[in-house]
Amino acid sequence: PKSGGTTVQDVLGHCLNMVQASDVASHENNEKESMTERVLNSLDIFVNQDGLRYVNVDTTTSEGLSNAKRLGLVSSGKADVIITHRLHDVSSLFDISHQGRAFTFFRHPVTRAVSMFYYLQSATWEPTYDEALSGMSLLEYAHSDHAEENWVVRSLTNEFEEPLEVQHVEVSKEILRRKVLVGIMEAFDQSVVRFEKYFGWWEAVEFNVSVLRCQRERMAGGDNRNDHPKVGPETEEFQVLADRNWADMELYQYAKELFKEQASLV
């Protein structure tokens, strides 16, 4: 969250006209019961109000991914890209005949946490909106149970309960090295082009003026951007959040190194 994913999805859908599997099916549908029934029985592609195409499964929940697996989402070829934060659950959709490659963006953990805090203070439309945050200061948030704590490492290692150890960071590094094409928020445009070149999408962009213009506009604007006060490393808020996210901080540094190494892949 808050690491450029919404903008990337915007580029994939608006500019490259790709069919995506994400959480949009749940958000777009007003008749939840009928959508659930359709998801349980068949895979279909629907067009949302912005003209973007999606498969009618929610790949951000365990139940949705179970439906996707049972209905053969990957083998059906209906989705060009699957969007999810559930790495362990989504891996069950693939097999030896239908393999995938993950790609993701990394953002400085403290910067991401600060952005998330200010966003959720007012994002009443989000399922994760918490009214308690609206009256908090950033420092209060940093000390509270509401603040994220090593969300990336916990997601990669599927460890959401017990305290993290150094070994969890090392396992996360190995997963990134072997399985993930890494993008860095501070090099957003460069990262998007690298993704496109690696997956063979760049040809649809490079020599098509309208697609190239669309991509530049989407990346410049950002679809889910929120302006907020900046927090420097000299502040108490920064230090508290950095300490709480020590594992993600170490993984972020490794991701930046890996980003440089992966330049040779394209």
| query | What pairs can you find where one residue is in the range 12-38 and open to solvent by less than 10 Å² (accessible area, probe 1.4 Å) and at pLDDT 55 or above, the other is among the hydroxyl-bearing types (Ser, Thr, Tyr) and not in a helix (DSSP H, G or I), and their Cβ atoms are less than 7 Å apart, with a gap of 6+ or different chains? | reply | Val19/Tyr54; Gln20/Tyr54; Ala21/Tyr54; Ala21/Thr59; Ser22/Tyr54; Ser22/Thr59; Ser22/Thr60; Ala25/Tyr54
| task | Considering only residues that are open to solvent by 40 Å² or more (accessible area, probe 1.4 Å) and under 17 Å from the mean Cα position of the chain (by Cα), look in the range 52-82 and name the one that is farthest from Asn17 (Cα to Cα). | result | Ser62
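Charged (D, E, K, R), open to solvent by less than 40 Å² (accessible area, probe 1.4 Å) and farther than 25 Å from Asp145 by Cβ, is that true of Glu217? Give the steps one after another, and end with the answer.
Values: charged (D, E, K, R): yes; open to solvent by less than 40 Å² (accessible area, probe 1.4 Å): no; farther than 25 Å from Asp145 by Cβ: yes.
So Glu217 fails the test.
Hand me the list of helices (runs of 4 or more DSSP H) wholly inside the range 115-199 holding 1 or more residues that are of a type outside the set (A, V, I, L, M) and over 21 Å from Val8 (Cα atoms). I'd like the intermediate steps shown before the answer.
On the way: elements: 138-143, 151-157, 166-179, 188-199.
Because the criterion is at least 1 residues that are of a type outside the set (A, V, I, L, M) and over 21 Å from Val8 (Cα atoms), the helices (runs of 4 or more DSSP H) in the range 115-199 that meet it are 138-143, 151-157, 166-179.
Taking the options Ser172, Ser264, name whichever one is open to solvent by less than 50 Å² (accessible area, probe 1.4 Å), modelled with pLDDT of 95 or more and of a type in the set (S, T, N, Q). Before you say what the answer is, go through the steps one by one.
Values: Ser264 fails: open to solvent by less than 50 Å² (accessible area, probe 1.4 Å).
Of Ser172, Ser264, the one residue that is open to solvent by less than 50 Å² (accessible area, probe 1.4 Å), modelled with pLDDT of 95 or more and of a type in the set (S, T, N, Q) is Ser172.
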| task | For residues that are within 21 Å of Gly200 (Cα to Cα) and either open to solvent by less than 60 Å² (accessible area, probe 1.4 Å) or hydroxyl-bearing (Ser, Thr, Tyr) (or both), tally how many sit in the range 85-99. | result | 1
| Consider Asp130 against the criteria (1) loosely packed, with under 14 Cβ neighbours inside 10 Å; (2) in contact with a strand residue (DSSP E or B) (Cβ under 7 Å, 6 or more places away or on another chain): it satisfies all of them except one. Which criterion is unmet? | (2)
| remark: Given the conditions (1) more than 17 Å from the chain's Cα centre (by Cα); (2) under 30 Å from Ser137 (Cβ atoms), every one holds for Ile184 apart from (1)
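Considering each residue of the range 81-100, count those that are among the small types (Gly, Ala, Ser) and outside any helix (DSSP H, G or I), and give that number.
Start the filter on the range 81-100 by keeping residues that are among the small types (Gly, Ala, Ser), which leaves 91-92, 97, 100.
Filter again for outside any helix (DSSP H, G or I), leaving 97, 100.
The qualifying residues number 2.
Taking the range 176-202 only, how many residues are closer than 22 Å to Thr157 by Cα, touching a residue at least 60 places away in the same chain (Cβ under 8 Å) and open to solvent by 20 Å² or more (accessible area, probe 1.4 Å)? Before you say what the answer is, go through the steps one by one.
We begin by selecting, within the range 176-202, every residue closer than 22 Å to Thr157 by Cα; these are 176-184.
Next, from what is left, pick out any that are touching a residue at least 60 places away in the same chain (Cβ under 8 Å): 176-177, 179-184.
Of the ones still in play, those that are also open to solvent by 20 Å² or more (accessible area, probe 1.4 Å) are 177, 179.
Adding up the residues that qualify gives 2.
If I filter the range 239-256 for residues that are in a helix (DSSP H, G or I), open to solvent by 20 Å² or more (accessible area, probe 1.4 Å), aromatic (Phe, Trp, Tyr) and modelled with pLDDT of 95 or more, do I get at least one hit?
From the range 239-256, those in a helix (DSSP H, G or I) are 239-244, 246-256; that's our starting set.
Next cut, open to solvent by 20 Å² or more (accessible area, probe 1.4 Å) only: 239-240, 243-244, 246, 249-250, 253-254, 256.
Now drop any that are not aromatic (Phe, Trp, Tyr), which leaves 246, 254.
Then drop every residue that is not modelled with pLDDT of 95 or more, which leaves 246, 254.
Scanning the range 239-256 turns up at least one residue that is in a helix (DSSP H, G or I), open to solvent by 20 Å² or more (accessible area, probe 1.4 Å), aromatic (Phe, Trp, Tyr) and modelled with pLDDT of 95 or more.
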| query | Can you tell me how many residues in the range 242-265 are more than 20 Å from the chain's Cα centre (by Cα) and either closer than 15 Å to Ala113 by Cβ or among the small types (Gly, Ala, Ser) (or both)? | reply | 6
| message | Being more than 30 Å from Val266 (Cβ to Cβ) and among the β-branched types (Val, Ile, Thr) is true for just one of Val57, Val81, Val90, Val74. Which residue is that? | response | Val57
| note | Note: among Phe46, Phe103, just one is open to solvent by less than 60 Å² (accessible area, probe 1.4 Å), at pLDDT below 95, closer than 25 Å to Ala204 by Cα and in a strand (DSSP E or B), namely Phe46
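Just checking, how many residues over the range 200-210 are touching a helix residue (DSSP H, G or I) at 6+ places or on another chain (Cβ under 8 Å) and either part of a loop (DSSP other than H, G, I, E, B) or modelled with pLDDT of 95 or more (or both)? Can you show your working first?
Just the residues of the range 200-210 that are touching a helix residue (DSSP H, G or I) at 6+ places or on another chain (Cβ under 8 Å), to begin with: 201-202, 204-206.
From the residues that got through so far, the ones that are either part of a loop (DSSP other than H, G, I, E, B) or modelled with pLDDT of 95 or more (or both) too are 201-202.
Qualifying residue count, the range 200-210: 2.
The values are calculated or read from the model by the stated rules, or taken from the named source; none is laboratory data. Given the structure is predicted, the values throughout are model-derived calculations rather than measurements. Positions of Cβ are backbone-derived with ideal geometry, glycine not excepted, and every protein chain shown enters the neighbour counts. Heads up: the accessible areas ignore ligands, DNA and RNA and are worked out on the full protein's heavy atoms, side chains in. Shrake-Rupley method; radii C 1.70, N 1.55, O 1.52, S 1.80 Å.
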